[in-house]
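Notes for the one structure printed next.
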Amino acid sequence: MSLNIIFREKDIPNIREFDVYSKNGGYEALKKALSQTRKQVIDEVKASNLRGRGGAGFPTGVKWSFIPQDNPINYVVVNADESETGTFKDRQIMENNPHQMIEGALICAYAIKAAAVYIYLRGEFWDVAHALDAEIARARKAGLFGPNGKLKDADGNPFKVDIFTHLGAGAYICGEETALLNSIEGKLGQPRVRPPFPANKGGGLYNEPTVVNNVETLANVPWIINNGAEEYKKIGVGSSSGTKIFCLSGHVKNPGNYELPFGVTFRQLLYDYGGGPLNGGEFKAILPSGGSGPILRVTDEVLDTPLTYDDLRKFNSILGSASVIVMDDTVDIVWVASKVTKFFKHESCGKCTPCREGTYWLDKVLDRILAGGGKESDVDLIMSVAKNMQPTTLCAFGEFAANPTIWTINVFPEEFKAWVDGSKKPAEEKAVARPARERVAAAAAPAGD
Amino acid sequence: MNTLQEKYADRIETTLAKYPDKRSAVMALLYIAQEEYGWVSPEGIQDVAEVCDMDPTQVKSIAGFYTMYSERPKGRFWLQVCTDLPCALKGAEKFHHDLKEYLGVDEGGTSEDGMFTVEHVMCLAACDKAPLLQCNFHNYEHLDMEKMKVLLDQWRAEVNAQVNKS
Ligand SMILES: Cc1cc2nc3c(=O)[nH]c(=O)nc-3n(C[C@H](O)[C@H](O)[C@H](O)COP(=O)(O)O)c2cc1C
Ligand code: SF4
Ligand code: FES
């Protein structure tokens, strides 16, 4: 059986076009879902064990079942913000097989009785969004959904849900689901206090119950409806069912997206697919979940670990969105910590003090260490700053932002030691890249929500 | 009717029709304002505020929150080079440095002829194609300085051709 559940363009060229998608079974899953009850659709997705591909791995069918069906207006929001460092899979799905995501979102819309679907794309996906608009228009014109939708559901009601794209404008935090909802509403893209949760009345888009799902999550749904939960569960291992798209980047010969069943090992991913180390060096470290997840030291045990939601826990790490950044032995781990911390400092939305100030201090002290001016106490200092950030912030960003410091120190203590005891010195004057503008300053202006 | 309403009536109407609330159109409108004025100028903010029924200070704080709205005039070509970790592992920091040096600009600065503004940005979700940059919202991938010089010449020539025509 072909394993390209999502990257079907590998089997069917031009499947991104509406006509080609339709001729190859496209929108049959939507029709099948509409012939069933909403509960049947949700139960099928629940039974498949499909888990959210946006990072948290929450069971998708369970999320859908939280939406109150007697509420007159619900929403589906597709999270296409894709801003985690090292993540580039949702782009490929939308560029090469957009209708499968659209179809998945429509099936969700039927299941939760939604009035509309909004696809939130990061602003840098300008071209992607415009191509997507054109494909949505084709499917709408064919009468599959929208005001002139010709399909009918099991009760004989016409299916008129419509789909719209919404472009962001450059802000990582808008990938966090409640910040994303604020952003669509035309407010500052800062996270909301929970509860109420997006699925609750008062917590979702325009205060209505809302399902937020990642692009890749929804792109799995048509396959599940067509082939059934039992078939889906045969792919992958344990509670990690189906395939996962691994975004492989850094020091490998063949970087790129690889759609593989859960349970593939790092060794297979890095060598069989990635082609091994780029410059003939040795692999030293892996960030398995972009900048936000704990770093791993490459050992045989790590290389032979199956990639599932559960297996990475034994190294205190996470699979997250599976953005696998690989580094060889030329890399300085303190530089990595600093690099990733700069990302978080730049992207903090500024709402909570521990996150705003914490990322500022971590960055400053890491810069000092890398400039050769670090003291041994600096390592303890940043560890305590980072640990204080974790429990006290409004959204998971605080935890993500502390991870690079905490886990590089835990996993590679000798690298920090070499910098602060003077055995390692800055090679040459390194231009420390500064962002042109700090988001925090803007957030301090009138908030207006 | 303000400038945006006069010149972009169709696009504004399509945008407003997407949402139950006018305010949701603010981000799309800010892009239109930027297109019209070259940056989100005070006139642009005012126009957007009128369309979305918002206070201009609120519109301004939204514009300031996101990095893709330009709060000051920029060169014709806005070169945003990704120097985030995966790209940096593939030489993007050096590429960014060399590009600035070649154009004689500092971070965020604009070349003397007003043509190119260079700044570095975070991950552009195309890390397998490093080094890369986004120029006026389109990606240019697998770059090095040789390829870059060709692109820069090409863009200059396009602008000169336009100027000569008008
Ligand atoms: C700081 C932050 C950034 C996030 N960025 C993204 C993102 O870019 N894309 C995404 O799908 N989910 C992102 N998430 C997760 C979302 O909040 C949400 O859990 C997800 O979209 C749910 O969809 P799923 O269940 O299909 O994974 C982010 C979360 C946090 C805390
Ligand atoms: S933790 Fe950081 S990003 Fe999240 S709400 Fe607080 S300040 Fe904003
Ligand atoms: S790090 Fe440059 S595109 Fe992702």
Just the residues that are buried (at least 19 other Cβ atoms within 10 Å of the Cβ) and facing chain A (nearest Cβ under 10 Å), please, taken from region B:93-114.
B:93, B:96, B:100
Determine which member of the set A:331, A:326, A:365 is at pLDDT 95 or above and more than 14 Å from chain B (Cβ to nearest Cβ).
A:365
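If I ask for residues that are within 12 Å of chain A (Cβ to nearest Cβ) and part of a helix (DSSP H, G or I), which ones from region B:12-22 would you list?
Once the filter is applied, which keeps residues that are within 12 Å of chain A (Cβ to nearest Cβ) and part of a helix (DSSP H, G or I), region B:12-22 yields B:14, B:15, B:16, B:17, B:22.
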Residues that are away from chain B (no Cβ under 14 Å), more than 11 Å from ligand 1 (Cβ to nearest atom) and closer than 26 Å to residue A:100 by Cα: does region A:163-171 have at least one?
no
Among the candidates A:342, A:424, A:417, A:364, single out the residue that is surrounded by fewer than 21 Cβ atoms within 10 Å (Cβ to Cβ), under 23 Å from residue B:83 (Cα atoms), more than 13 Å from ligand 2 (Cβ to nearest atom) and not hydroxyl-bearing (Ser, Thr, Tyr).
A:364
Working carefully through the options B:59, B:81, find the one that is in contact (Cβ under 8 Å) with a residue 12 or more places away in the chain and not assigned by TED's automatic domain parsing to the domain that holds residue B:123.
B:59
For region A:371-406, give me each residue that is among the β-branched types (Val, Ile, Thr), touching a Lys or Arg at 6+ places or on another chain (Cβ under 9 Å) and farther than 20 Å from residue A:335 by Cα.
A:393
Every residue in region B:115-131 that is away from chain A (no Cβ under 11 Å) and not in a strand (DSSP E or B), please.
B:115, B:131
Got at least one residue in region A:264-277 being part of a strand (DSSP E or B) and either crowded, with 19+ Cβ neighbours inside 10 Å or not polar (S, T, N, Q) (or both)?
yes
Quick check, is residue B:117 within 16 Å of ligand 1 (Cβ to nearest atom) and closer than 29 Å to residue A:190 by Cα?
no
Check residue B:150 against each of (1) more than 16 Å from ligand 1 (Cβ to nearest atom); (2) closer than 24 Å to residue B:32 by Cα and name the one condition it does not meet.
(2)
Can you name the condition, by its number, that residue B:135 falls short on among (1) within 15 Å of ligand 3 (Cβ to nearest atom); (2) in contact (Cβ under 8 Å) with a residue 40 or more places away in the chain; (3) buried (at least 22 other Cβ atoms within 10 Å of the Cβ)?
(3)
When (1) more than 12 Å from the chain's Cα centre (by Cα); (2) buried (at least 18 other Cβ atoms within 10 Å of the Cβ); (3) touching a residue at least 12 places away in the same chain (Cβ under 8 Å) are applied to residue B:53, the one that fails is (2)
If you take the residues of region A:70-97 that are more than 8 Å from ligand 1 (Cβ to nearest atom) and among the charged types (D, E, K, R), which of them is nearest to the other protein chains (Cβ to nearest Cβ)?
A:91
Across region B:77-91, what is the total count of residues that are more than 10 Å from every other protein chain (Cβ to nearest Cβ) and either surrounded by fewer than 24 Cβ atoms within 10 Å (Cβ to Cβ) or within 16 Å of ligand 2 (Cβ to nearest atom) (or both)?
3
Would you check which residues across region B:121-150 are small (Gly, Ala, Ser) and touching a Leu at 6+ places or on another chain (Cβ under 9 Å) and list them?
B:126, B:130
Flag if residue B:84 is acidic (Asp, Glu), in contact with a Cys (Cβ under 8 Å, 6 or more places away or on another chain) and closer than 25 Å to residue B:134 by Cα:
yes
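Could you look through region A:334-353, keep only residues that are in a loop (DSSP other than H, G, I, E, B) and within 11 Å of chain B (Cβ to nearest Cβ), and pick out the one that is farthest from residue A:191 (Cα to Cα)?
Among them, the one singled out is A:350.
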Can you tell which of A:57, A:104 is on the phi > 0 side of the Ramachandran plot, away from ligand 3 (no atom under 16 Å from the Cβ) and away from chain B (no Cβ under 14 Å)?
A:57
Please go through region B:85-94 and pick out each residue that is touching a strand residue (DSSP E or B) at 6+ places or on another chain (Cβ under 7 Å) and part of a helix (DSSP H, G or I).
B:85, B:86, B:92
Only one of A:116, A:134 that is at pLDDT 95 or above, within 14 Å of chain B (Cβ to nearest Cβ) and over 30 Å from residue A:195 (Cβ atoms):
A:134
All positions within region B:28-50 that are in contact (Cβ under 8 Å) with a residue 40 or more places away in the chain and either surrounded by 18 or more Cβ atoms within 10 Å (Cβ to Cβ) or facing another protein chain (nearest Cβ under 7 Å) (or both):
B:44, B:47, B:48
Out of region A:196-211, which residues are in a loop (DSSP other than H, G, I, E, B) and either over 22 Å from the mean Cα position of the chain (by Cα) or of a type in the set (Val, Ile, Thr) (or both)?
A:196, A:200, A:201, A:202, A:208
Mind checking whether some residue in region A:195-203 is among the basic types (Lys, Arg) and more than 16 Å from ligand 2 (Cβ to nearest atom)?
yes
Is one or more of the residues making up region A:147-161 more than 16 Å from ligand 2 (Cβ to nearest atom), out of contact with any strand residue (DSSP E or B) (no Cβ under 9 Å at 6 or more places or on another chain), within 14 Å of chain B (Cβ to nearest Cβ) and assigned to a loop (DSSP other than H, G, I, E, B)?
no
For the structure I just gave you, tell me whether residue B:25 is within 8 Å of chain A (Cβ to nearest Cβ), under 21 Å from the mean Cα position of the chain (by Cα) and either within 30 Å of residue A:278 (Cα to Cα) or among the small types (Gly, Ala, Ser) (or both).
yes
Determine if region A:25-35 includes at least one residue that is more than 16 Å from ligand 2 (Cβ to nearest atom) and within 25 Å of residue A:168 (Cβ to Cβ).
no
Residue A:123 being within 12 Å of chain B (Cβ to nearest Cβ) and either at pLDDT 95 or above or surrounded by fewer than 24 Cβ atoms within 10 Å (Cβ to Cβ) (or both)
yes
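The values are calculated or read from the model by the stated rules, or taken from the named source; none is laboratory data. From a predicted model like this one, the values you see are computed outputs, not experimental measurements. All Cβ positions, even for glycine, are placed from backbone atoms using ideal geometry, and neighbour counts span all protein chains on display.
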